[in-house]
Amino acid sequence: MDTIIQSAEILVTTPAVIAAFAGVAWGILGGALPGISPSITMALLLPLTYSLDPISAIVLLAATYVGAEYGGSIPAILIRTPGTNSAAATLIDGYEMNRQGKAGLALGISLYSGVIGSFIGVVMLVLLSGPLASIALAFKPPSYFGLGILGLSVIATLSGDSLVKGLMVATVGTDPVTGGNRFTFGSPELLGGIEPLLVMVGLFAVSELFVQAGEPGIQHQVKAKARLEFPNFKLARRLIRPQAIGGAIGTFEGVMPGAGGTVAAFMAYNEARRWSSRKEEFGKGSPEGVAAPETANNVVTGTALVPLLSFGIPGSNSAAILLAGFLIHGLTPGPMLFERSADVVHGLYGGLFVATFAQILVGMAVLPVCIWLVNRRRAYITAFIYALVFSGIYSIHHSLFDLALVLGMGVVGFFMRLLKFPFLPTVLGVVLGYMVESSYRRSLVLSGGDHAIFVQDPISLGLLSVAVLFIVGSLGKRAYDMVAARTAG
Amino acid sequence: MTRDLAGGLFAMVLGGVYLLYATRIHSTALDDTVGPAGFPKALAVIMIALGLLLVVQTLTAAVWRAKPSPDGRGDADAEASGLQPRAVIRAGGMLLLGILYVAVVPYAGYLVTTAALAMAVALYQGVDFSWRVVAVSIGGAVALWIIFNLLLGVGLPAGRLGDLL
């Protein structure tokens, strides 16, 4: 209760409310532009924060993070281009809803679930900072390996070879343990590896442009509903389960440094499908397929700050930018922050609550414009998506090589789509590949090459056990379905 | 069937090529027990095994289904949605526009090349040439330049043309 009162006092005595609204608006703009990640969007504001008071500065950066994670879903739904890595999971069903003329509803569900996710994230940040941070600290390399395998297991049985392709892409670049080069073919541009966003934009967005180029009657597009539409009571009830799944996974993943919103979004999507009574709708425009990942990645915007505030550990690029914001104002995140600068912590809590409401208002103002834009003549939209994709990708490293790479991934995606190979396992392989390999090898360095470390670490053992259960369960169900189909035939 | 067979063969070839390059990764004095090549080699073997499994599965299924089904349907349904030459050619055209963009932008600069790309794609997608296409393309390129360059501070290529100006 004291926390709430102190947060409210700070909100009325500082410009933190204005900072929260401005941050969310800026974040949505940055997140909605492919290639501009939440951390870049936040970093662009860093120079501005010098002139602000510490509370407003920190709230501005944190609210930008909230806005950017939400903003990534807008192009994912409207133009099949994920604005952020984590929005790639939203794209799967969000874009299908758009194709069916339900863009307004998809955006409404995304906003509604994003707001719920942000709210859960702030509540979790305030209530569980201490206990959750202890769990995060207990994570050692074997635990991260278990976490990575769990992430892969949720989809491994769907298409093993596509998953391995993603893992292969993740091995390009500098070796995580020895620092040697792998699969770089002498190209300095590949030393840092291939960014997951490049793979996603290529597979999803560029391949879509190629497919549209070859589709007859492209001018006769389905018109998206011309206004933002929130779910009705019946649909809102149906979305409670995927949102709860997204909330739980987002909380868990958010407090693990390095796990992040992308893993949370994909895991939430898969678990929502697993527990849904309408599994067959997933991938074909399921509202649950939009709600679960959107809730999860927005929860992470709150819970990812837990290790930063409690121990000074930035668990993601965005948290690192926020850490820079703290340091600019002479503040050092960690246990002492709560004692020495309690006003800043309370201001941040309050600011994030305001940012949640700002997300609704700014989102409602921005989305109708986006829907109007997407209903313009298809040829023009295709032209500007191409230009936008190139502009966004160029802005990541100022590299023309990245544009060529995205075009190459677009070609791969085009043939994968024509041959009906799923993208999801490939994308998840790219996202989790580095974590799985680096934590596996670091674990073995710690144990002197003894694989028993993975069962001796209780967290790793638990996560690996759940992964095995997932795989056995999926294979068992598949075998049962095959037998049932043969019997019926 | 063709799709699975092609997919299986492709996986085997990909795994083989990947394995070839994985064996060429240099080991150093800093190597751990797994080494930089360990994980890639494991992935390559898994890829080849999955490809082989898919090929065997497909061929086995083909033998089992050798007799035509009574309703005359079967794999034809699945294959009907396969590659269509016209779609691939049209997609190739779109790819070519992208390649041209990457090749030209260092010389002509962001604004000119982006406007040209937007116009070329719009025309390629069936819009008739008019001043409206030109205006929309230039306006769109300027809008993107304002967002990325002025608002977000992203340095976009000025090109040799920009340098001269």
Query raised in the report: Between the stretch B:129-150 and the stretch A:320-362, what is the C-alpha centre distance in whole Å?
Result: 39
Requested in this report: With only Lys, Arg, Asp and Glu charged, each at its Cβ (+1 for the first two, -1 for the last two), find how big the charge dipole of chain A is about the Cα centre; round to the nearest 20 debye.
Outcome: 1600
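Partner chain Cβ atoms within 10 Å, averaged over the residues of B:88-96 - can you pull that number for me?
On the way: counts 5, 2, 8, 13, 5, 3, 12, 9, 0.
Mean shielding by partner chains, rounded to a whole number: 6.
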Requested in this report: Could you grab the Rg to Rh ratio for the protein assembly as shown? Cα atoms only, Kirkwood for Rh.
Outcome: 0.96
**Report entry** Selection from A:Ala355, A:Leu323, A:Ser395, by position along the positive dipole direction of the stretch A:320-477 (Cβ)
**Finding:** A:Ser395
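Going by average Cβ density within 10 Å per residue, which order do the peptides A:345-352, A:232-239 take, highest to lowest?
Numbers: A:345-352: 27.0, A:232-239: 13.6.
For the peptides A:345-352, A:232-239, the packing ranking is A:345-352, A:232-239.
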**Report entry** Fraction in percent of alpha-carbon pairs per bin - 5 Å, the stretch A:30-140
**Finding:** 2, 12, 17, 17, 16, 16, 11, 6, 2, 0
**Report entry** nm² value of the averaged projected area, convex hull over the Cα atoms of the stretch A:336-489
**Finding:** 19.1
Requested in this report: For a quick protection proxy, order the peptides A:79-88, B:98-107, A:166-175 by their average other-Cβ count within 10 Å, most packed first.
Outcome: A:79-88, A:166-175, B:98-107
Requested in this report: Over the whole of A:414-420, what's the average partner chain Cβ count within 10 Å per residue? Rounded to a whole number, please.
Outcome: 5
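Which order do peptides A:143-152, A:276-285 fall in by mean Cβ count within 10 Å, highest first? Could the numbers behind the result be given before it?
Values: A:143-152: 24.7, A:276-285: 14.9.
Peptide ranking by packing, descending: A:143-152, A:276-285.
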Requested in this report: Sketch the reach of a paramagnetic label on B:Ala158 as a point 7 Å from Cα along Cα-to-Cβ, and name the residues of the stretch B:82-114 whose backbone nitrogen lies under 20 Å away.
Outcome: B:104-114
Query raised in the report: What is the distance, in nm, between label points placed 7 Å from the Cα along the Cα-to-Cβ direction at B:Leu96 and at B:Leu123?
Result: 1.3
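Estimate the FRET efficiency between A:Ile4 and A:Met336 by the formula 1/(1 + (r/R0)^6), using the beta-carbon distance for r and 25 Å for R0, to the nearest 0.05.
Numbers: r = 23 Å, r/R0 = 0.91.
E between A:Ile4 and A:Met336, to the nearest 0.05, is 0.65.
Averaged across A:281-287, how many Cβ atoms of other chains sit within 10 Å of each residue's Cβ atom?
Going residue by residue through A:281-287 and averaging, the value is 0.
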Query - Simple label model, 7 Å out from Cα along Cβ direction - B:Val17 to A:Ala324, nm - result: 3.8
Report summary line: Taking the alpha-carbon centre of each part, the distance from the stretch B:1-39 to the stretch A:1-67 in Å is 45
Query raised in the report: In debye to the nearest 20, how big a dipole does the stretch A:383-489 give about its Cα centre with +1 on each Lys and Arg Cβ and -1 on each Asp and Glu Cβ?
Result: 400
**Report entry** Volume of the Cα convex hull of the stretch A:238-390, divided per residue and given in Å³
**Finding:** 151
Query - Value in Å of the Kirkwood radius, where the stretch B:85-164 supplies the Cα pairs that are averaged - result: 13.5
Query raised in the report: Using every alpha carbon pair in chain B, what percent of pairs falls into each 10 Å bin from 0 up to the bin containing the largest distance?
Result: 9, 19, 17, 17, 24, 11, 2, 0
**Report entry** Inter-label distance, nm, simple model (7 Å from Cα along the C-beta direction), B:Val134/A:Leu127
**Finding:** 6.3
Query raised in the report: For helix B:131-145, what angle does its Cα long axis make with the longest principal axis of chain B, in degrees from 0 to 90 and rounded to 10?
Result: 80
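The numbers here are math on the coordinates, done by the rules we state, and not lab data. Treat the numbers as computed from the prediction; the structure is a model and nothing was measured. Cβ sites come from the backbone with ideal geometry, for glycine too, and all protein chains shown count toward neighbours.
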